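Report on the structure given below.
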Amino acid sequence: MSDKVVVFATLLAKSDSIDQVLEALTAMLEPSRKEEGCHNYDLHRDRQDPKVFVFHETWESEAHLDAHNQTPHFKNLSTKLEGIIESVSVRRTTKL
């Protein structure tokens, strides 16, 4: 088993805020991909429900993911999403 951490984060945008959520999430891509320990940081959108966004991320270790969660761009995301999303679900997994 690997020490790498694979994250699946699912966000549900409010119906009237889809474009705002998309803008906030896409702004995370470039700075996150440049972080130490980031193997991939990909954003996906559900084909049947455009309100559903899914991040698929792979980090070298828990420490690298924790460092990502302390970056200004990550902390700023919470502020940008306040009041415009219905829910967030984050799963930290290990590839078997």
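Computed from the coordinates by the stated procedures, all read-outs in this text should not be read as laboratory data. These numbers come from a predicted model, not from an experiment. Heads up, the Cβs are rebuilt from the backbone with ideal geometry, glycines too, and the neighbour counts pull from every protein chain shown.
Before moving on, here are some points about what is shown:
- Spin-label pair Ser2-Gln48: with each label point 7 Å from Cα along the Cα-Cβ axis, the two points sit 2.9 nm from one another.
- Annotation: amide H-H contacts under 5 Å for Ser61 (H modelled 1.01 Å from N, sequence separation of 5 or more, or interchain): Val5.
- Inter-label distance, nm, simple model (7 Å from Cα along the C-beta direction), Val88/Arg33: 2.2 nm
- Among the trypsin sites (Lys or Arg not before Pro) found in the chain, those both in a DSSP coil and sparsely packed, with 10 or fewer other Cβ atoms within 10 Å of their Cβ, are Lys34, Arg47, Lys95.
- Cα-centre dipole for the chain with unit charges at Cβ (Lys and Arg positive, Asp and Glu negative), debye to 20: 160 debye
- Lys/Arg +1, Asp/Glu -1 at C-beta; segment 5-93 dipole; positive extreme among Thr71, Leu11, Ser61: Leu11
- For segment 30-41, 3J(HN,Hα) computed residue by residue from phi via the Karplus equation (6.51, -1.76, 1.60; θ = phi - 60°) reads 4, x, 5, 5, 7, 6, 4, x, 8, 8, 7, 8 Hz, glycine and proline entered as x.
- Partner lysines for Lys80 [C-alpha distance under 26 Å; skip if fewer than 8 residues away on the same chain]: Lys14, Lys34, Lys51
- Using the Karplus relation 6.51 cos²θ - 1.76 cosθ + 1.60 with θ = phi - 60°, the per-residue 3J(HN,Hα) values for segment 12-29 come to 10, 7, 5, 4, 8, 10, 4, 5, 5, 5, 4, 4, 5, 6, 5, 5, 7, 4 Hz, with x marking Gly and Pro.
- Rounded tilt (10° steps) of 72-81 against the dominant C-alpha axis of the chain: 30 degrees
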